[in-house]
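Inspection log for the structure reproduced underneath, given as structure tokens.
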Amino acid sequence: MRPLIIFLLIFITSCTNVESHLFEIESMEGSDLISTRISIDVEQNRNGNVTVSIQAFPKKVDEIKNYKLIFDMKFREDYEGDFLGVCVGPSWKDFGPGEFSVILNNKNNFKNSIVGKFLEDNDDGCDIYHYYVRFFEVETLDQTLFLIGVATDYAKEYPDAPYIWKQNKNNDLEIIGTSNIEKYSLNFELSK
């Protein structure tokens, strides 16, 4: 019986690949409410299935209602190379290829997952897919909304990294400080 268990354990671990990323987010000035750690675990198996599990560990657990993270993908594998195609990536449940969002609720211990699959008929010629957090929101229990800059927002409707905006009761946005987040630094990669 024991050799069977060892064989199954080796087989399961060889068929899946889990990569973990841990990000420490701190407010440099402004609100200590955004201070948290974000864990992103990416699990891939040989069948083309991908599971991205995300959990937040807020410093002020009793004051946070939820986090909303919207992930986007670089359209090209390498902007400096000769490849001019567009990377499609896996198809995410309820979203399709490309962008997806995840909400981390207090009632679920700030943890959520999304599942995707590389489809055989979508051979885009890419081997690596670069995902990054494009938009990051923190909502408190008193319904205050903080927009955390994590990338560059060309439309100027969202803060560029490292700025933190707070939405007031009139839905006006005001800059309240900065964080330690550098542009595009909350990210992960997938490979076929």
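The values are calculated or read from the model by the stated rules, or taken from the named source; none is laboratory data. This structure is a prediction, so every number in the text was calculated from the model and none was measured. Cβ placement follows ideal geometry from the backbone for every residue including glycine, while neighbour counts extend to all protein chains displayed.
The residues of region 15-62 that are out of contact with any Leu (no Cβ under 9 Å at 6 or more places or on another chain), in a strand (DSSP E or B) and of a type in the set (A, V, I, L, M), listed by number, are Val18, Leu22, Met28.
Can you find, within region 63-75, the residue that is nearest to Leu119 (Cα to Cα) among those that are basic (Lys, Arg) and either without any contact (Cβ under 8 Å) to a residue 12 or more places away in the chain or part of a strand (DSSP E or B) (or both)?
So in region 63-75, the residues basic (Lys, Arg) come out as 65, 68, 74.
When the remaining residues are screened for being either without any contact (Cβ under 8 Å) to a residue 12 or more places away in the chain or part of a strand (DSSP E or B) (or both), the result is 65, 68.
Values: Lys65: 35, Lys68: 27 Å.
Applying the filter and picking the extreme gives Lys68.
Considering region 163-192, the residues that are part of a strand (DSSP E or B) and among the small types (Gly, Ala, Ser) include one that is nearest to Phe71 (Cα to Cα), namely Ser191. For Met1, the stated conditions hold: it is modelled with pLDDT under 95 and surrounded by fewer than 19 Cβ atoms within 10 Å (Cβ to Cβ).
For region 151-172, the set of residues classified as touching a Lys or Arg at 6+ places or on another chain (Cβ under 7 Å) and of a type in the set (A, V, I, L, M, F, W, C) consists of Ala151, Ala161, listed by residue number. Picking from residues in region 133-179 that are basic (Lys, Arg) and in contact with a Phe, Trp or Tyr (Cβ under 9 Å, 6 or more places away or on another chain), the one that is farthest from Ile103 (Cα to Cα) is Lys166. Looking across region 91-105 at every residue that is farther than 16 Å from Asp41 by Cα and in contact with a strand residue (DSSP E or B) (Cβ under 6 Å, 6 or more places away or on another chain), the one that is surrounded by the fewest Cβ atoms within 10 Å (Cβ to Cβ) is identified as Lys93.
Scanning region 148-168 for residues that are surrounded by fewer than 22 Cβ atoms within 10 Å (Cβ to Cβ) and over 13 Å from Glu182 (Cβ atoms) yields Asp153, Tyr154, Ala155, Lys156, Glu157, Tyr158, Trp165, Lys166, Gln167, Asn168. Residue check, Tyr129 against (1) assigned to a strand (DSSP E or B); (2) out of contact with any Gly (no Cβ under 6 Å at 6 or more places or on another chain), all met but one. Which one? Only one criterion is unmet by Tyr129, namely (2). When the residues of region 140-188 are filtered to those that are more than 19 Å from the chain's Cα centre (by Cα) and among the polar types (S, T, N, Q), the one that is modelled with the lowest pLDDT is Asn168. Leu104 passes every criterion in (1) assigned to a loop (DSSP other than H, G, I, E, B); (2) under 14 Å from the mean Cα position of the chain (by Cα) apart from (1).
Taking the listed residues Asp153, Asp142, Asp160, the one that is in a loop (DSSP other than H, G, I, E, B), in contact with a Ser or Thr (Cβ under 7 Å, 6 or more places away or on another chain) and under 28 Å from Lys59 (Cα atoms) is Asp160, with no other qualifying. Look at Asn108 and say whether it is polar (S, T, N, Q) and surrounded by 18 or more Cβ atoms within 10 Å (Cβ to Cβ). So Asn108 fails the test.
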